[in-house]
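The block underneath contains the structure these notes are about, expressed in structure tokens.
The values are calculated or read from the model by the stated rules, or taken from the named source; none is laboratory data. Model, not experiment: these values are computed from the prediction. Quick reminder, even Gly has a Cβ in these numbers, built from the backbone with ideal geometry, and neighbours come from all protein chains shown.
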Amino acid sequence: MTSPGNAAAHEGGTPADTASRHGGGMPPLVLASRSPRRVELLRMLGLTFETIPSNVDESVRPGETAKAHVERLAREKASSVARRRPDALVIGSDTVVVLDEEVLGQPRDEEEAVDMLLRLAGREHRVETGVAVAAPGGDIRSAVETVRVRFRAFDRRTATEYVATGEPLDKAGAYGIQGYGSTIVESIEGDFFAVMGLPIVRMMELFRSLGWRYDFRGFQPT
């Protein structure tokens, strides 16, 4: 799903117009999140950016599919911060784990984390990650990346020991694929970085659709 936004065109203009107002370079880049994983991924790309949390309500709406949920939240996060920073390119993202069509968010406590992990043990589940980019002028583009992940079989003792590390407590589905959780992942089909919380290739496609090209230092008008 993409949306052209409804702000007046003269507020943002073309990417070249926006760049000219910033001394020929890119406008500020803002991540609408303080997620350590998303911060890590943007830093890995050599990008300079700010982090501003969006504080949107992340509740699942009645009848809302997982894909629709993460795309809506990614757009709401990007839009919320873009209203405060209309001069910036703003990235929003949201990730959920889906098992038997049930959305598994972050566990409320250690007990729920253990229960989630035991439900996932020895089975395949989906990770849905929505990403959105809002540009100066009100244009916003978004997409969803789907990844299939299979856990190896393990027992309650393993789940309890993993939860005791603290890693699962702030993550959808109660695991982090890039940390201790890598030891319980048997296979992955799709974008590894989407499971971490930010589908990089999909995000770059959104930037290009808005007229911005990544040159391995930052973004420049196409």
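Out of Glu167, Glu189, one residue alone is at pLDDT 95 or above and in contact with a Lys or Arg (Cβ under 9 Å, 6 or more places away or on another chain). It is Glu189. One residue alone among Arg217, Arg156 is farther than 18 Å from Val96 by Cα, surrounded by fewer than 13 Cβ atoms within 10 Å (Cβ to Cβ) and modelled with pLDDT under 95, and that residue is Arg217. The condition (being part of a strand (DSSP E or B), touching a Pro at 6+ places or on another chain (Cβ under 9 Å) and not small (Gly, Ala, Ser)) is satisfied by just one residue among Val147, Val114: Val147. Checking each residue in the range 175-211 for being farther than 16 Å from Arg126 by Cβ, aliphatic (A, V, I, L, M), out of contact with any Leu (no Cβ under 7 Å at 6 or more places or on another chain) and part of a helix (DSSP H, G or I) picks out Ile184, Val201, Met203, Met204, Leu206. Looking at Arg61, Arg43, Arg34, just one residue is in contact with a Ser or Thr (Cβ under 6 Å, 6 or more places away or on another chain) and basic (Lys, Arg), and that residue is Arg34.
Of note, Leu73 satisfies the criterion of being part of a helix (DSSP H, G or I), under 20 Å from Arg85 (Cβ atoms) and touching an Asp or Glu at 6+ places or on another chain (Cβ under 9 Å). Among residues of the range 36-61 that are touching a residue at least 24 places away in the same chain (Cβ under 8 Å), those with a beta-carbon under 6 Å from a residue that is in a loop (DSSP other than H, G, I, E, B) and of a type outside the set (D, E, K, R) at least six positions away or on a different chain give the pairs Arg37/Gly197; Arg38/Gly197; Arg38/Leu198; Leu41/Leu198; Leu42/Phe49; Ser54/Ala32.
Using the structure shown, decide if Arg108 is at negative phi and free of Cβ contacts under 8 Å to residues at least 12 places away in the same chain. Taking the combined requirement at face value, the residue satisfies it. Among the residues of the range 38-63, those that are among the charged types (D, E, K, R) and either modelled with pLDDT of 95 or more or in contact with a His (Cβ under 8 Å, 6 or more places away or on another chain) (or both) comprise Arg38, Glu40, Arg43, Glu50, Arg61. Checked against (1) surrounded by fewer than 17 Cβ atoms within 10 Å (Cβ to Cβ); (2) at pLDDT below 95; (3) of a type in the set (A, V, I, L, M), Val201 meets all criteria but (2). Specify the residue that is nearest to the chain's Cα centre (by Cα); the eligible residues are those in the range 54-66 that are farther than 17 Å from Gln106 by Cα and not hydroxyl-bearing (Ser, Thr, Tyr). Per the criteria, the residue is Glu64. Determine whether Ala19 is more than 16 Å from Ala172 (Cα to Cα), at pLDDT 95 or above and assigned to a helix (DSSP H, G or I). The answer is no for Ala19.
Comparison of Leu206, Leu210, Leu169 shows that the only residue that is of a type outside the set (Val, Ile, Thr) and farther than 20 Å from Ala78 by Cα is Leu169.
Among the candidates Thr146, Thr183, the residue that is among the β-branched types (Val, Ile, Thr) and either touching a Phe, Trp or Tyr at 6+ places or on another chain (Cβ under 7 Å) or surrounded by 15 or more Cβ atoms within 10 Å (Cβ to Cβ) (or both) is uniquely Thr146.
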